[in-house]
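As structure tokens, the structure follows; a few thoughts come after it.
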Amino acid sequence: MPDYSLAPEGSHFIDGAYVEDPAGAEITVIFPATGEVIARLHSATAPIVDAAVESAQRAQWIWAEMAPVDRGRVLLRAAELIRARNDALSELETYDTGKPIQETLVADATSGADSLEFFGGLIAADTGQYIPLGGGDFAFTKREPLGVCLGIGAWNYPTQIACWKAAPALAGGNAMVFKPSETTPLCALKIAEIFVEAGAPKGLFNVVQGYGDVGGMLVGHPAIDKVSLTGSVPTGRKVAGAAAGALKHVTMELGGKSPLIVFEDADIESAIGAAMLGNFYSSGQICSNGTRVFVHEAVHDRFVARLKERTESIRIGDPRDPEVQYGPMVTEAQMQIALDYVAIGQSEGAILQTGGARVVPEDAADGFFVSPAVFTAVTDDMRIAREEIFGPVMSVLKFATEDEVVARANATEFGLAAGVFTQDITRAHRVIDALEAGTCWINTYNLTPVQMPFGGIKASGFGRENSAAALDHYTQLKSVYVASGPVESPY
Ligand code: NDP
């Protein structure tokens, strides 16, 4: 088992090795359950950014020349190494993010490995088209890499985001420079080490640390051909705007305020379980969460009573304890945001059924914990029902008819995800068809297997991660016309 000591050998991982530049601003990494400083890194300076991009360019030329099946083999080997080190990687993810080890063992490195396996296996079969044109002429198409792709990650799923972006990008013959969120900079470095160990050319996956300004420098770098961001809508607007100026390819995985609709005929226990997972998993810090839970008036009171009971039984504490189900928020600032929204909800007249307070668990007294909050009597105009909180604050809204709930569910600028609970299969499909969201679930919530495309519409972004669809966003199509006769010309 590798020793994943918390402080890495250097802040950045470039050209197959750790690199440090103490001239960059300090990044302090804090374990959210105790408030302890676990590592000190440095934000990248301009020479570090240039070195990372240039090294990625060199690696990309070598990599793109390799047969797709050989590239795929490297990704499969990386996936194998990740699985073999899942315990250590999960522990590190828990330190980086504060998420319970119970979650990180099954949802982070393993999900990254799924992605590398999927794209590693797929790429050799991703062949072009043959198009007969008559008279012996034909055309064919091929998918070509874009070049050097930039991945910019949010802090909630640092390992998963790094792999979800790297797997289709590398499979498609690109190199990647990845900038983690400065809040959770540790995990991506381990993934970079693993790629080198798996046989990738040095520089194929470089990690550059930094604050938003470093992201900005990278987005503006002329040798970056594509930008894939996972982050908030305001950051998305800035990054997409900057990339558009240089006509760079863009994938935007942004925020949401997704609806989860529970009809009167739903399996109520399952719907409650899904609502809890879709609001409280990772302490509510998940982009696709169903934070607006619309419950039919006929089952509303029963739903709320049981939801409250089950929510109050969630075990909160030190995320390193395998029995703990719910950890701290990622930072003190994020904890304060969640607490502020609880106060806003109360001042707007919503009823706080449970939670929403700072918690001081015995085994993690200095952590940034907020108990899972459930609001009822929420109306569509309230800020807690309109704005992305990115914390454990669930809004329950009552509805009477299908048309009404669909209209209310769609009345948002976001369009990331949506879910429906009903036993009526016709209604399930009718409602899903009418919902404006890129990723939807019927009788479940927030499951994101790698085979299924994931992404949003409206202000939640564009482009897709996972599935064969993601490859289209990391490659460009070349068409070739092949003539078999002489050229007829009037000149
Ligand atoms: P932010 O938008 O604040 O940051 C995302 C990343 O962008 C960070 O690495 C950040 O760096 C960087 N960044 C900030 N400003 C710029 C800039 N001008 N140019 C380039 N890069 C920049 O998001 P959070 O990290 O706070 O994550 C939470 C958000 O992410 C939520 O809105 C959530 O919904 C969304 N998200 C979306 C997902 C999806 O797949 N749709 C999945 C997970 C989260 P730094 O942190 O150093 O500022």
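Collect the residues in region 243-261 that are of a type in the set (A, V, I, L, M, F, W, C) and more than 7 Å from the ligand (Cβ to nearest atom), keeping them in residue-number order.
Filtering region 243-261 for residues of a type in the set (A, V, I, L, M, F, W, C) gives 243-244, 246-247, 250, 252, 254, 260-261.
Passing the criteria: A243, A244, A246, L247, V250, M252, L260, I261.
In region 128-153, what count of residues is obtained for those that are farther than 26 Å from S181 by Cβ and either free of Cβ contacts under 8 Å to residues at least 12 places away in the same chain or of a type in the set (A, V, I, L, M, F, W, C) (or both)?
Result for region 128-153: 8.
T34 is checked against (1) within 27 Å of I224 (Cβ to Cβ); (2) outside any helix (DSSP H, G or I) and fails just one. What number does that condition carry?
Evaluating T34 over (1) within 27 Å of I224 (Cβ to Cβ); (2) outside any helix (DSSP H, G or I) leaves (1) as the failure.
Against the conditions (1) under 15 Å from P259 (Cα atoms); (2) among the small types (G, A, S); (3) within 16 Å of the ligand (Cβ to nearest atom), where does G463 fall short? Just the number, please.
Evaluating G463 over (1) under 15 Å from P259 (Cα atoms); (2) among the small types (G, A, S); (3) within 16 Å of the ligand (Cβ to nearest atom) leaves (1) as the failure.
Take the residues in region 83-98 that are in contact with a Ser or Thr (Cβ under 8 Å, 6 or more places away or on another chain) and either open to solvent by 10 Å² or more (accessible area, probe 1.4 Å) or hydroxyl-bearing (S, T, Y) (or both), then tell me which one is nearest to G172 (Cα to Cα).
R83
Select from region 222-234 the residues that are within 11 Å of the ligand (Cβ to nearest atom) and out of contact with any strand residue (DSSP E or B) (no Cβ under 7 Å at 6 or more places or on another chain) and write down the one among them that is least open to solvent (accessible area, probe 1.4 Å).
V233
Out of region 455-480, which residues are touching a Phe, Trp or Tyr at 6+ places or on another chain (Cβ under 8 Å) and either part of a strand (DSSP E or B) or open to solvent by 10 Å² or more (accessible area, probe 1.4 Å) (or both)?
K458, A459, R464, E465, S479, V480
Looking only at region 400-411, decide whether some residue is within 23 Å of the chain's Cα centre (by Cα), farther than 30 Å from P145 by Cα and touching a residue at least 24 places away in the same chain (Cβ under 8 Å). Before you say what the answer is, go through the steps one by one.
The initial filter retains those residues of region 400-411 that are within 23 Å of the chain's Cα centre (by Cα), namely 409-410.
Narrowing further to those that are farther than 30 Å from P145 by Cα: 409-410.
Next, from what is left, pick out any that are touching a residue at least 24 places away in the same chain (Cβ under 8 Å): 409-410.
Yes, some residue in region 400-411 is within 23 Å of the chain's Cα centre (by Cα), farther than 30 Å from P145 by Cα and touching a residue at least 24 places away in the same chain (Cβ under 8 Å).
Results for (1) buried (at least 23 other Cβ atoms within 10 Å of the Cβ); (2) modelled with pLDDT under 95; (3) within 24 Å of A428 (Cβ to Cβ), shown as yes or no for each residue.
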position: V374; (1), (2), (3): yes, no, no
position: D381; (1), (2), (3): no, no, no
position: E387; (1), (2), (3): no, no, no
position: M394; (1), (2), (3): yes, no, yes
position: L397; (1), (2), (3): yes, no, yes
position: A400; (1), (2), (3): no, no, yes
position: V405; (1), (2), (3): yes, no, yes
position: N410; (1), (2), (3): no, no, yes
position: F414; (1), (2), (3): yes, no, yes
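Let me spell it out: the conditions are (1) open to solvent by 60 Å² or more (accessible area, probe 1.4 Å); (2) in a helix (DSSP H, G or I), and G345 meets all of them except one. Which number is the exception?
Result: G345 passes all but (1).
(1) open to solvent by 30 Å² or more (accessible area, probe 1.4 Å); (2) in contact (Cβ under 8 Å) with a residue 12 or more places away in the chain; (3) in contact with a strand residue (DSSP E or B) (Cβ under 9 Å, 6 or more places away or on another chain); (4) outside any strand (DSSP E or B): which one isn't true of L447, the others all being true?
Evaluating L447 over (1) open to solvent by 30 Å² or more (accessible area, probe 1.4 Å); (2) in contact (Cβ under 8 Å) with a residue 12 or more places away in the chain; (3) in contact with a strand residue (DSSP E or B) (Cβ under 9 Å, 6 or more places away or on another chain); (4) outside any strand (DSSP E or B) leaves (2) as the failure.
Given the conditions (1) closer than 24 Å to I272 by Cβ; (2) surrounded by fewer than 16 Cβ atoms within 10 Å (Cβ to Cβ); (3) touching a residue at least 12 places away in the same chain (Cβ under 8 Å), report the number of the one that I425 does not fulfil.
(3)
Determine which member of the set A56, A88 is in contact with a Pro (Cβ under 6 Å, 6 or more places away or on another chain), assigned to a helix (DSSP H, G or I) and farther than 18 Å from W155 by Cβ.
Among A56, A88, only A88 is in contact with a Pro (Cβ under 6 Å, 6 or more places away or on another chain), assigned to a helix (DSSP H, G or I) and farther than 18 Å from W155 by Cβ.
Having 3 or more residues that are open to solvent by less than 20 Å² (accessible area, probe 1.4 Å) is the bar; report the strands (runs of 3 or more DSSP E) wholly within region 121-217 that clear it.
Those strands (runs of 3 or more DSSP E) span 148-152, 175-179, 205-207.
The values are calculated or read from the model by the stated rules, or taken from the named source; none is laboratory data. Just so you know, these numbers come straight off a predicted model, no measurement behind them. Please note: Cβ atoms are built from the backbone with ideal geometry, for glycine as well, and neighbour counts cover all protein chains shown. When the accessible area is computed, the model is the full protein with side chains, heavy atoms only, and any ligands, DNA or RNA have been set aside. Shrake-Rupley method; radii C 1.70, N 1.55, O 1.52, S 1.80 Å.
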